[in-house]
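Structure first, commentary second.
The values are calculated or read from the model by the stated rules, or taken from the named source; none is laboratory data. Please read all numbers here as calculations on a predicted model, not as lab measurements. Ideal geometry is used to build each Cβ from the backbone, glycine not excepted, and the neighbour counts take in all protein chains shown. SASA here: full protein model, heavy atoms, side chains in, ligands and nucleic acids out. Shrake-Rupley method; radii C 1.70, N 1.55, O 1.52, S 1.80 Å.
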Amino acid sequence: MTETSKPSSDSNSSGLGSAGAELPKQYKPADHEERIRARWDAAKAFHADPQRVLRGEAKPYCIVIPPPNVTDRLHLGHALNNTLQDVLARSHRMMGFETLWMAGTDHAGIATQAVVERRLKKDEGLTRQQLGREKFVAKVQAFKDEYEKIITDQLKLMGCSCDWDRQRFTMDEVCARAVREAFFRLFKDGLIYRGKRLVNWDPVLQTAVSDDECYDEELDSSFYYLRYPLVHRGTALPGGGLSDPQPITWNELARGGYPGAEQHPGEEQAWVTVATTRPETYLGDTAVAVNPKDQRANALRGLFVELPLVGRIIPIIEDDYVVLPAAMQADPEAAKSDPKAVFATGFLKVTPAHDPNDYEIGLRHKAAIEACGNAVLINMLAPDGSVSDKHGWTDVGDAHLFVGLPREKARKKVLEEFKARTVDNSSVPLLAETKPYRHSVKHSDRSKAIIEPYLSDQWYVKVTDDRLAPAANRALVAEQRKAEQQSGRAADGDGALRFYPARYAKTYEQWHDGIRDWCISRQLWWGHRVPVWSKSLADSANENVNSFAANEEIPKSMFDRLWSTFPSHLNASQLENMGFWVRDFFVPSTNEYVRYVCASSGVTAISVGQIESLGFAQDTDVLDTWFSSALWPISTMGWPDPRAAGPAFDGLLQAFNPTTTLCTAREIITLWVSRMVMFERYLMPEKWQAEKTTPKALESLAQNGQGRGPLPFKNVFIHAVIQDGEGRKMSKTLRNGLDPLDVIATHGSDAMRFTVCQMTTQTQDVRMPMTVDPATGRNTSPKFDLGRNFSNKLWNAARFTMSMLGASSHPTSDIPHPTSLIDRWMLSRLATATKEINDSIANFEYSNYAQTMYDLLWRDFCDWYLEAIKPTIATDKAQQAVLRATLDCILRLLHPIMPYVTEAVYEQVRLIPAATVRGISLGASRKGDLLCTAGWPEVNASLRDEKTEAAFERARALITAIREVRSQHAVQPKRRITLHAPAGLLDADASALVQTLAGVETITPSAPAANSVAMAFESSQLHLSNLKDAAAAGDTTAERERLQKVISDNEKSIATLEGRLNNPGYAQKAPPAMVKQTQDQLAKAKADKDAAAAALAAL
RNA sequence: GGGCGGGUAGCUCAGUUGGCUAGAGCAUUCGCUUUACAUGCGAGAGGUCCAGGGUUCGAGUCCCUGCCUGCCCA
């Protein structure tokens, strides 16, 4: 096998005949895949040369891989995603595009860190803190190396034609530089800021996590009802300060018109009851809210409650966010279906630092809360989730008994205390009631801990800025945008981004419309460290107290003035000359100035050492993984400075950016697609398209596009998600996942690829039932049999073809244009299929592509063409040329989906000298005689011939009809029978087809002598005879049944067709051609029925 | 709550501007060691296109309502 692929055998045409015969009967993927891959590698077949693009020798085609996370091996979803990309890459490479498929992996910050932390705990019993940051990061690095290799090997085994010489990793030096530069530019432009917000906090990993790193789980919990005593806030004392708060009695409330107050002992202190599922958070309450529509609101206006134990006085505020109890609602019955209304008391404890909704309420009622001398936000938890007075809670009072307790224990303790204690001056316990309640609770994906809404300082990207999210929406093509926002093209990237299928543009657009600023900091160790150093200075001169709001940026001169009192210092402009950007803030809570110094990507280690020696410390946080992913299309090509990245990056950005197509799953439209568009449009220069081919190109990269820059890609193809046989997501925990390597082991890479392509329709989910392969014990799926069988079919079709062409001599010139029906038909089918495939590729219709190939190879080529040419191929030179060319075209057309088997077959087929077939152009291979760089077949549309196809269909209909009779009559398959047909019914070509394919020995106009069977064909009656030996003839039962069925089928048709024609509106309004067609059908059905009836009568 | 899908043969799915008597693969039935392929060849059987309305000469396809189911966002 390998010998024949060596150049030395090129001239040895005598060996070709035997080459085909030597091929084994079955295609065994394992015998070929590794060798084929080695040939691709040796020829550097997938290495893109940007200079060919820049010299104008080829058009570019570029895909960047959605970098797989290094957390784990690839699963079948990756196999799908990457197969689809490879089909695009391979087809365009063959079409002559200079094709770059950029490969790489993603560091996947929290996911990878969590995996390694679990491993560390399991293997060594250590936490990351015990190991220390540096050693821990080294461990993650080793883990990453291990999985990066596994992933790369998996991709290679799948046949992915990535440019492996250009593989990147989101944390390698080239990508890291891009991250630092992007951060710097956004920081400098004020689009990155530091903010104190509520985030999803994972108390185990002790980091902020994003919503997509959380999941909801239903838990059995309880609603707890807490009584808060009502008070008057103290009155102003002559010497300043306030008197003690005074209890409010029920009598007083009753006088204020509080409904039901008179039912309580009049002299006792009154209270309100709040319902909560998290009673421990009461320590951070800063208000109690009531709905203004609540009848009790009026009597409570201007009153306060005193938080038990803490003693904090907080206002009662009115906010219509508060849910009215069911009984108070307009439709109490309807309200009973709303669990919140059922459980509500009408009073809501407001804990702005520990609940997102309360946070909003707190901001709305800031003045009322602060008037009590409290901050709106009181954070009563430490980062590990324990109650703490060190993180923003100062008025502990008698609540110190809770301090230091973890969340769960604190909850228990609060309930115990509230149960044991009473409202002052009464016997009413503070804990009113407990009701069981089942609700969904947010958990951290990575640690499984319950998420705590937590107030913390984080870095944000101001994506709400017009130059980011709105600019991303302007990128959409006009027809995929909301009509009212359509506008003309203003810049490079405007109006050129297109989603396939189009409906996903809506997801994309709505995301940007409702977007909030993006929290990019994570309190992790694995990731890109935030490139900001900071230093605080106390406001020693006390000169600016109260003149700046929290976290307000201040003039740099102010910090410089304080700074200048130190013996050695660098002022802001000196720092900026070193490549830093400086921003100064005042923090009122600590009465300090903070200088943030952000390093550009060009800042040297020396400069960093210098500022660190001055007391600047680098931020310990790392960036959200998506920050580096967002830069992927440009970071992988050397942005911001390809020259610094190395010679391999020469011309890459200019040749391949914007890339052509991004191929991904819908779940990351918002997380990734959006951010790539925002970042590239912001960071890449506005006139990139025009300038990238000029000598100024690299210099222009220093300019930000400010939202008017180019796009990272023009097309976004969103493909289906693979689920298991029950429609569940494939997951590790369910063990319902498939490893592509298992599928490759059981079925071969091509089989997997063909099957996933065939499954890829425009829907959003596809199901993949999984079974265990009995032979190997591996997880696989019977679905892949389809692809395996198809590979085998190609293999055998090629084997047959080579045995035919190898056995005869085949001249390479002076071949007449084929005239036989079957050859013209084959060429016509080929032309039709080629067009269909070209259209399918252009529209990402993979299933259609695969199906068209299947029909072309299996149905047209194997079932009909190869069977039909058997009698003539040995001597018909024109037919030999058609056979050779057709197989060659099929190999080329199929190669993008099934690269291995086609390449393996091509090794043989290319050695057969080819004669030119008019209308078919097959370009030579560009590298190493490989099919993967051979020309995409050009099949002239003039080869499509409707008359030929119709003539063939006619013959095929007759053949099928005869086969049916044969089957019904149990005619021996090898038996050659006689067809009685009027002279002139069939021409020579059609007769030959019928004889070959229907097992007909003789076609004669004479009437059958005896023992014949009648059959209808095109309104006339034909007969078949010589079906059986005379002795066996005589049983007419089968024939009766067959004819009865023909009659009843036709009667059904007649009824349908007559009904249609008798409809008066039909003849008037339907197109005449349609009416004519129906009439013809009716005539045929009637004739068929009559013929069958006559035959039945004659029996 | 808002948005987007899906519901067609036993199973998995096609069905592109409304127009053959609704297709494919698997499974199933019958017959074949037909000399490329049994991972194959030939021939069958199998569907109230979720339900109900509407538009139309004509609806799996378009519109409305409902039911079931999945995903995304809040």
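Structure notes:
- Check: chain A dipole with +1 on Lys, Arg Cβ and -1 on Asp, Glu Cβ, in debye: 2140
- For the cross-link pairs A:Lys835/A:Lys927; A:Lys442/A:Lys506; A:Lys412/A:Lys435, the ones whose C-alpha atoms lie over 19 Å apart are A:Lys835/A:Lys927; A:Lys442/A:Lys506.
- The HN-Hα couplings worked out from phi for segment A:851-865 by the Karplus form 6.51 cos²θ - 1.76 cosθ + 1.60 (θ = phi - 60°) are 5, 5, 4, 4, 5, 5, 6, 7, 6, 6, 6, 7, 5, 10, 5 Hz, whole numbers, x standing for Gly and Pro.
- Backbone phi angles across segment A:908-919, fed through the Karplus curve with coefficients 6.51, -1.76 and 1.60 (θ = phi - 60°), yield HN-Hα couplings of 7, 5, 5, 7, 7, x, 10, 8, 6, 10, 4, x Hz in residue order; Gly and Pro are listed as x.
- 5 angstrom amide H check on A:Ala475, placed H, neighbours 5+ away: A:Gly495
- Surface accessible to a 1.4 Å probe, per residue, for the residues of segment A:763-895, Å²: 36
- With Cα atoms, 0 to 90° folded angle of helix A:407-420 axis to chain A main axis: 50
- Residues of type lysines that A:Lys1089 reaches as a straight line, Cα spacing below 29 Å, ignoring anything fewer than 8 places off in the same chain: A:Lys947, A:Lys1028, A:Lys1045, A:Lys1052, A:Lys1076
- Convex hull of Cα atoms in segment A:623-733, direction-averaged projection (nm²): 8.9
- Coupling constants for segment A:636-642 follow from the phi torsions by the Karplus curve (6.51 cos²θ - 1.76 cosθ + 1.60, θ = phi - 60°), and in residue order they are 5, 9, x, 4, x, 9, x Hz; glycine and proline get x.
- Accessible area (Å², per residue) of segment A:117-158, counting only protein heavy atoms and a probe of 1.4 Å: 59
- The angle between the Cα long axis of helix A:504-513 and the main principal axis of chain A comes to about 10°, on a 0 to 90 degree scale.
- Listed by chain and number, the aspartates and glutamates placed with their C-alpha closer than 16 angstrom to that of A:Lys974 are A:Glu867, A:Glu964, A:Glu1001, A:Asp1029; residues fewer than eight positions away on the same chain are left out.
- On Cα atoms only, tilt of A:1037-1062 relative to the major axis of chain A in degrees: 60
- Simple spin-label estimate for A:Glu124 and A:Gln1079 in nanometres, 7 Å along Cα-Cβ: 8.9
- Under 21 Å from A:Lys462, Cα to Cα: lysines that are on another chain or at least 8 residues apart: A:Lys188, A:Lys196
- For peptides A:789-798, A:953-962, sequence by mean Cβ density within 10 Å, most packed first: A:789-798, A:953-962
- Simple label model, 7 Å out from Cα along Cβ direction - A:Ile668 to A:Asp398, nm: 5.6
- Calculated from the alpha-carbon coordinates, chain A shows an Rg and a Dmax of 39.0, 134 Å respectively.
- Packing around the peptides A:832-840, A:55-63, taken as the average count of other Cβ atoms within 10 Å per residue, puts them in this order, highest first: A:832-840, A:55-63.
- Cα shape, segment A:161-244, gyration tensor, a/c 1.5 rule: oblate
- Surface composition of chain A: carbon plus sulfur atoms hold 50% of the accessible area, using a 1.4 angstrom probe and ignoring ligands, DNA and RNA.
- Under 5 Å, built H, 5+ apart or other chain: amide partners of A:Thr760: A:Ser847
- Summing Cβ point charges (Lys, Arg +1; Asp, Glu -1) relative to the Cα centre of segment A:739-788 gives a dipole of roughly 80 debye.
- With bins 10 Å wide beginning at 0, the percent of Cα pairs of segment A:594-641 falling in each bin runs 20, 41, 32, 7.
- Nitroxide proxy distance, nm - points 7 Å out along Cα→Cβ at A:Asp513 and A:His439: 3.0
- Helical runs (DSSP H, four residues minimum) scored at -39500 (n - 2.57) apiece and divided by the length of chain A put the mean residue ellipticity at 222 nm at -11500 deg cm²/dmol.
- Antiparallel %, DSSP beta bridges [both residues in chain A], to 5: 75
- Taking the charge dipole of chain A about its Cα centre, with +1 at Lys and Arg Cβ atoms and -1 at Asp and Glu Cβ atoms, the residue from A:Gly302, A:Ala367, A:Gly609 reaching farthest to the positive side is A:Gly609.
- Probe 1.4 Å, protein heavy atoms only - accessible area per residue of segment A:959-1012 in square angstrom: 52
- Between the listed residues A:Val423, A:Val115, A:Thr207, the Cα displaced farthest toward the positive end of the dipole of chain A, a dipole computed from Cβ unit charges relative to the Cα centre, is found at A:Val115.
- Amide H contacts of A:Tyr437 (H built 1.01 Å from N, in plane; Pro and chain starts excluded): A:Ser221, A:Ser222, A:Phe223 sit under 5 Å, all sequence-distant by 5 or more or on other chains.
- Using the average count of surrounding beta-carbon atoms within 10 Å as a protection proxy, the listed peptides A:308-319, A:985-996 rank, highest first, as A:308-319, A:985-996.
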